[in-house]
1. What number of residues within the range 229-249 are surrounded by fewer than 16 Cβ atoms within 10 Å (Cβ to Cβ), closer than 19 Å to Ala311 by Cβ and at pLDDT 95 or above?
2. Looking at the range 164-174 only, could you name the residues that are within 12 Å of Arg297 (Cβ to Cβ) and surrounded by fewer than 19 Cβ atoms within 10 Å (Cβ to Cβ)?
3. Return the residue satisfying two criteria in turn: it lies in the range 316-338 and is within 15 Å of Thr4 (Cα to Cα), aliphatic (A, V, I, L, M) and not in a loop (DSSP other than H, G, I, E, B), and of such residues it is farthest from the chain's Cα centre (by Cα).
4. If we scan the range 50-69, do we find a residue that is under 30 Å from Val216 (Cβ atoms) and either touching a Lys or Arg at 6+ places or on another chain (Cβ under 9 Å) or not assigned by TED's automatic domain parsing to the domain that holds Thr176 (or both)?
5. Could you check His286 against (1) touching a residue at least 40 places away in the same chain (Cβ under 8 Å); (2) within 17 Å of the chain's Cα centre (by Cα) and say which number it fails?
6. Are any residues in the range 27-55 free of Cβ contacts under 8 Å to residues at least 60 places away in the same chain, part of a loop (DSSP other than H, G, I, E, B) and in contact with a Leu (Cβ under 9 Å, 6 or more places away or on another chain), and if so, which ones?
7. When Ala185 is evaluated against the numbered criteria (1) in a helix (DSSP H, G or I); (2) buried (at least 17 other Cβ atoms within 10 Å of the Cβ); (3) touching a Phe, Trp or Tyr at 6+ places or on another chain (Cβ under 9 Å), which criterion, by number, is the only one it fails?
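The values are calculated or read from the model by the stated rules, or taken from the named source; none is laboratory data. Being a predicted model, the structure only gives us computed values, none of them experimental. Don't worry about glycine lacking a Cβ; one is built from the backbone with ideal geometry, like all the others, and counts go over all protein chains shown.
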Amino acid sequence: MGMTAAVAGASGYAGGELLRLLLAHPDLAVGPVAAGSSAGSPVTDLHPQLPALSDRVFAATDAAALGEADIVFLALPHGESAALAAALPPGLPVIDLGADHRLADAAAWERFYGTPYAGQWPYGLPELFRADLGGARRIAVPGCYPTAVALALAPLLQHGLVDGGDVVVVAASGTTGAGRAAKAALLGSEVMGDLSAYKVGAHQHTPEMRQSLTRVAGAPVFLSFTPVLAPMPRGILATCTARTSSTADELREALREQYADEPFVHVLPAGRWPHTAATLGSNSCHLQVTVDADAGRAVVVSAIDNLGKGAAGQAMQCANLALGLAEDTGLSASGIAP
């Protein structure tokens, strides 16, 4: 008999994507499915795309019930994972999709999130920090923007090909990145036909980006980040620039070398640029790089599905590592088109 996986926060978009992936996973079965405010409601009321769960209802979020599974995924709002995680058995693998355990700097946590600091867990970005994850009992899954940005810039910073003192990122995200809670700014009539910047210079993912990039660079990285809300349900397109004296071929070769054996990160042929639709439904990241010679800047464009590689897919990738399974089990590098 295979192992069971519990999902807390299963009523949200990331929680629903986790359930979809679990239904196709050969070694993990769907165990307890918890959603506090939706407890008692049929799962398919919120996730009609999952008919295999038509006989299931959301349970209350109870640590004892969740702890009976072989692994627990926490797909809860930021600031809500820590207390539940602390109540789970210490030897039980727990994969946190929230931000509660990502940051090493307590002051940065308190500044951007405003709740008590819960400490740091191993950072679940396998392509850069795989050595930390095999057999880990606790893993903090990166945020969606930090995933797209770190995969784009880390190899270039690691090899000293770009200047970490002047990094600028502008990234557009689909509306599911803001969660399922009803908000006027996310209504279809407000979003359609519109692009809007938000949390400019103050987005909570900024310290996480700086943290991972500083780690690979071996020196402090300074980053300006502007997020943009795009009129689409899911996907992220991140444009990352930094000063460079390298050629485009040198930058592309660094990316290719870093990701040559990675099943989910794809450096596109020269001249072909990433777009979000190509990553839809996959656990992939698509990358392209060039040099803006007039500005003396490297330009790296990164595309991911924010619910895939940016959340549930990456969480499953980390779970596979924690459980000693093949890393790509139950995951696809191929997107859905059109």
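1. The total comes to 0.
2. If the condition is that a residue be within 12 Å of Arg297 (Cβ to Cβ) and surrounded by fewer than 19 Cβ atoms within 10 Å (Cβ to Cβ), then Asp166, Val168 are the ones that fit.
3. Among them, the one singled out is Ala322.
4. no
5. (1)
6. Ala35, His47, Leu50
7. (2)
Here's the yes/no breakdown for (1) modelled with pLDDT under 95; (2) out of contact with any Phe, Trp or Tyr (no Cβ under 8 Å at 6 or more places or on another chain); (3) not in a helix (DSSP H, G or I):
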site	(1), (2), (3)
Gly193	yes, yes, yes
Leu213	no, yes, no
Pro220	no, yes, yes
Pro227	no, no, yes
Leu251	no, yes, no
Pro263	no, yes, yes
Pro269	no, yes, yes
